[in-house]
Amino acid sequence: MTFLTSKYPELASATLSTCEIQIDNSSWPPVEGEYTVLNKSAPVAVSTLANVKLEEKLVKLNPSGLCMVGKTETENIGIDKIIKNVISNPSISSLILAGKDTEGHQSGKTLLALWENGVDKNMRIIGSKGRRPILKNVTHSDVEKFRKQVQVENQIGCANTRTLAGKIEELSRNAAPAASSSSCGCHGDCGDQTVTMAMPAVSLPEPSAAVPSVTAKKQSKTSIKLDKAGYFVILPSKKNASILVEHYSYDNKLLRKIKGKNGRDIYFTIINNKWVTELSHAAYLGKELARAELSIKKGFKFVQDGA
């Protein structure tokens, strides 16, 4: 049971036991994610773990040999995606783990554990100390292909782009050519210089139910139900670098004030104390607190949305 389903039991029946990955075999990479592809035929992939800015810097630097780079924040779905994308591209022979590891999830250390130890019969990554290192969207065969195909380089904690660029170029120089076949079908034994590389099909776990695709409908402002617990007025202060939230009853009586340095601390305080009882109100509150926090960081005037 998740934090939200414990607070809102009605969500439990709508929560999927697995979050299956959508696969697109018509192009590479087949799995969507937050990453940048620079050269599909290059041999080195980089995970910047929790460091988004490091990804941006490496993309700008664009070192020779870099295939793709992106963050990996979770020790389950994030690793599922890496495995699927790597084994579907035989050019990739090295995976560098760099940047700050994710707290709690420990996606970097979990990737190292996966490469070194594999998974048990329940698809739990052996040796991982992450919160939930269980792979739901790959098979044992996928894991073994990944472990055999790539060398994982531990650069966790390193955010020096020059150091990482040097490592990428070194691994690229030392990479063995990916398996390929010539256009005549002789596997490169003749003088035919036309070489094609086949991207292998990506396997899905069996059984694999179709995942519905839902288009969000435009909602009116009246879609949010009035919360019997009251309403909130959000007052960010750039001067104090803090957010003040006033909680009122519907007869406009001030019930309490909640003050914090960031939106996350405030909405957890509100939810834990059950000062919000409607899901739509909780979603609205999270959105507005995020905007309030951003207004402090970026310096724009915050005007609370009327819901």
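The values are calculated or read from the model by the stated rules, or taken from the named source; none is laboratory data. Note that the coordinates shown come from a computational prediction; the quantities given were computed from them, not determined experimentally. Glycine also receives a Cβ, built like all others from the backbone with ideal geometry; neighbour counts cover every protein chain displayed.
In table form, for the structure just shown:
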read-out	value
Total residues in region 90-114, condition on the phi > 0 side of the Ramachandran plot and not in a loop (DSSP other than H, G, I, E, B)	1
Which numbered condition residue 127 misses (of (1) part of a loop (DSSP other than H, G, I, E, B); (2) buried (at least 20 other Cβ atoms within 10 Å of the Cβ); (3) not aliphatic (A, V, I, L, M))	(2)
Answer residue from region 233-288, given it is over 23 Å from residue 300 (Cα atoms) and of a type in the set (D, E, K, R) and is modelled with the lowest pLDDT among those	251
Hits in region 96-107 (condition: over 14 Å from the mean Cα position of the chain (by Cα) and buried (at least 23 other Cβ atoms within 10 Å of the Cβ))	96, 97, 98, 99
Some residue of region 271-290 being outside the structural domain of residue 243 (by TED's automatic domain parsing) and under 22 Å from residue 228 (Cα atoms)	no
Identity of the residue in region 152-161, touching a residue at least 24 places away in the same chain (Cβ under 8 Å) and loosely packed, with under 15 Cβ neighbours inside 10 Å, that ends up nearest to residue 49 (Cα to Cα)	157
Tally of residues being in contact with a His (Cβ under 7 Å, 6 or more places away or on another chain) and loosely packed, with under 13 Cβ neighbours inside 10 Å across region 226-254	0
Residue, nearest to residue 133 (Cα to Cα), within region 56-77, restricted to residues that are buried (at least 16 other Cβ atoms within 10 Å of the Cβ) and over 13 Å from the mean Cα position of the chain (by Cα)	68
Selection status of residue 112, assigned by TED's automatic domain parsing to the domain that holds residue 154, within 23 Å of residue 176 (Cα to Cα) and either without any contact (Cβ under 8 Å) to a residue 12 or more places away in the chain or touching a Ser or Thr at 6+ places or on another chain (Cβ under 6 Å) (or both)	no
Test result for residue 36, surrounded by fewer than 23 Cβ atoms within 10 Å (Cβ to Cβ), at pLDDT below 95 and in contact with a helix residue (DSSP H, G or I) (Cβ under 8 Å, 6 or more places away or on another chain)	yes
Tally, over region 162-189, of residues that are of a type in the set (A, V, I, L, M, F, W, C) and either modelled with pLDDT of 95 or more or exposed (fewer than 11 other Cβ atoms within 10 Å of the Cβ) (or both)	5
Whichever residue in region 212-266 is free of Cβ contacts under 8 Å to residues at least 12 places away in the same chain, among the aliphatic types (A, V, I, L, M) and assigned to a loop (DSSP other than H, G, I, E, B) and, among such residues, is farthest from residue 284 (Cα to Cα)	214
Residue match in region 141-151 (condition: modelled with pLDDT under 95, surrounded by fewer than 20 Cβ atoms within 10 Å (Cβ to Cβ) and basic (Lys, Arg))	no
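The rows are residues; the columns are (1) within 23 Å of residue 174 (Cβ to Cβ); (2) assigned by TED's automatic domain parsing to the domain that holds residue 135; (3) without any contact (Cβ under 8 Å) to a residue 24 or more places away in the chain.
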site: 27; (1), (2), (3): no, yes, yes
site: 40; (1), (2), (3): yes, yes, no
site: 48; (1), (2), (3): yes, yes, no
site: 60; (1), (2), (3): no, yes, yes
site: 72; (1), (2), (3): no, yes, no
site: 79; (1), (2), (3): no, yes, no
site: 87; (1), (2), (3): yes, yes, no
site: 93; (1), (2), (3): yes, yes, no
